[in-house]
Amino acid sequence: MKTALVTGGNRGIGEGICRVLAERGYDIFFTYKGGIYDGEEQFRNEMEKAEALVQSICNEYNVKCFCKEADFTKEEDVEKIFQTAVEKMGEIHVLVNNAGYGIEGKLRDTKSEDIDKEYFVLLRTPLLLMKHAANHMIEKEIRGCMVNIGSVRASRAFPIDCIYGSLKAGLERATQSVALELGPYGIRVNAIEPGCIQVSPLKEMVPFYENMGRNIPIERTGTPRDIGNTVAFLCSDDASYITGQTIRVDGGLLLPA
Ligand code: NDP
């Protein structure tokens, strides 16, 4: 039995990744932010939704699934979460750094504390989780895989995404160094650059890209499963000679016109 730790697995792309990996027989441990610091009621609502997803994954795919809240802007939560995942699953074979968000706005208007928070979630946490996963995999002699979720905005600058774009570029660059470090241990590390992925009917990004003069050649937005399928491929034996790479999954969005 193989196991996967997926950050931000309770919704959107992360849920798609959890579902595809569970379909392929992985036991899953996912994290969610859950509003633990936003008050009791918010926390209970998010926890109930996450628990419902756990049940749905267990029943639909006949695997084990666990979840735990972790706010990656909080130092202590990052340190605890890997240990909790190991306690629940014994071994971690796959780490997917997916949790993330982006504040859009001009750099001139951005507060330094907002930059710090975004840095904690988008870059610092993935680096620390890769560190913990690497030590765990090496100690247990697991020839595991790590996948980092970047963004097309790492490769192409758009206005209003200076912080997000540069942190995602940092994550994709880190992927290469960590792949070099861990290759000799049989651990592969790759990244995915999603394009315009529809995660909620309310979050329609196509007009944003159209306004930037970019259309999607495949003529549809991506789905969380499109990203989940790519994660599953990268973690499979079919990808056993692929490491340190970033695979763009964007329906051709960034192709030169
Ligand atoms: P969603 O907003 O749907 O989900 C974001 C996930 O990250 C949720 O699970 C959320 O938890 C979690 N998260 C947010 N902030 C924190 C935090 N402070 N601590 C811990 N967890 C947190 O986003 P998407 O599914 O769209 O995005 C997933 C990843 O894909 C992100 O890294 C994003 O940057 C990247 N991406 C998305 C694209 C898209 O078009 N959708 C395009 C390119 C990249 P909770 O639900 O509890 O708040």
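The values are calculated or read from the model by the stated rules, or taken from the named source; none is laboratory data. Not measured: the values here are computed from a predicted model. Cβ sites come from the backbone with ideal geometry, for glycine too, and all protein chains shown count toward neighbours. The area values use the complete protein model at the heavy-atom level, side chains included, leaving out ligands, DNA and RNA. Shrake-Rupley method; radii C 1.70, N 1.55, O 1.52, S 1.80 Å.
Candidates 43, 29: the one that is more than 9 Å from the ligand (Cβ to nearest atom) and closer than 19 Å to residue 87 by Cβ is 29.
What number of residues within the stretch 58-83 satisfy the criterion of being in a helix (DSSP H, G or I), more than 11 Å from the ligand (Cβ to nearest atom) and open to solvent by less than 30 Å² (accessible area, probe 1.4 Å)?
Keep residues of the stretch 58-83 that are in a helix (DSSP H, G or I), which gives 58-61, 75-83.
Applying the additional criterion that residues be more than 11 Å from the ligand (Cβ to nearest atom) yields 58-61, 75-76, 79-80, 82-83.
Then drop every residue that is not open to solvent by less than 30 Å² (accessible area, probe 1.4 Å), which leaves 82.
Count: 1.
Of all the numbered requirements in (1) of a type in the set (D, E, K, R); (2) more than 9 Å from the ligand (Cβ to nearest atom); (3) in contact (Cβ under 8 Å) with a residue 60 or more places away in the chain, residue 38 misses one, and that requirement is (3). Scoring residue 229 on the criteria (1) part of a loop (DSSP other than H, G, I, E, B); (2) touching a residue at least 40 places away in the same chain (Cβ under 8 Å); (3) polar (S, T, N, Q) leaves a single failure, condition (1). Going residue by residue through the stretch 163-175, is there one that turns out to be within 16 Å of the ligand (Cβ to nearest atom), within 15 Å of the chain's Cα centre (by Cα) and in a loop (DSSP other than H, G, I, E, B)? The answer is no; no qualifying residue exists.
From the set of residues in the stretch 206-226 that are assigned to a helix (DSSP H, G or I) and either open to solvent by 80 Å² or more (accessible area, probe 1.4 Å) or among the hydrophobic types (A, V, I, L, M, F, W, C) (or both), which is modelled with the highest pLDDT?
To start, the set of residues in the stretch 206-226 that are assigned to a helix (DSSP H, G or I) comprises 206-211, 224-226.
If we keep only those that are either open to solvent by 80 Å² or more (accessible area, probe 1.4 Å) or among the hydrophobic types (A, V, I, L, M, F, W, C) (or both) too, we end up with 206, 208, 210-211, 225.
Numbers: 206: 78, 208: 78, 210: 80, 211: 77, 225: 98.
Applying the filter and picking the extreme gives 225.
Of all residues in the stretch 139-162, those satisfying the criterion of being within 12 Å of the ligand (Cβ to nearest atom), surrounded by fewer than 22 Cβ atoms within 10 Å (Cβ to Cβ) and outside any helix (DSSP H, G or I) are 156, 158, 161.
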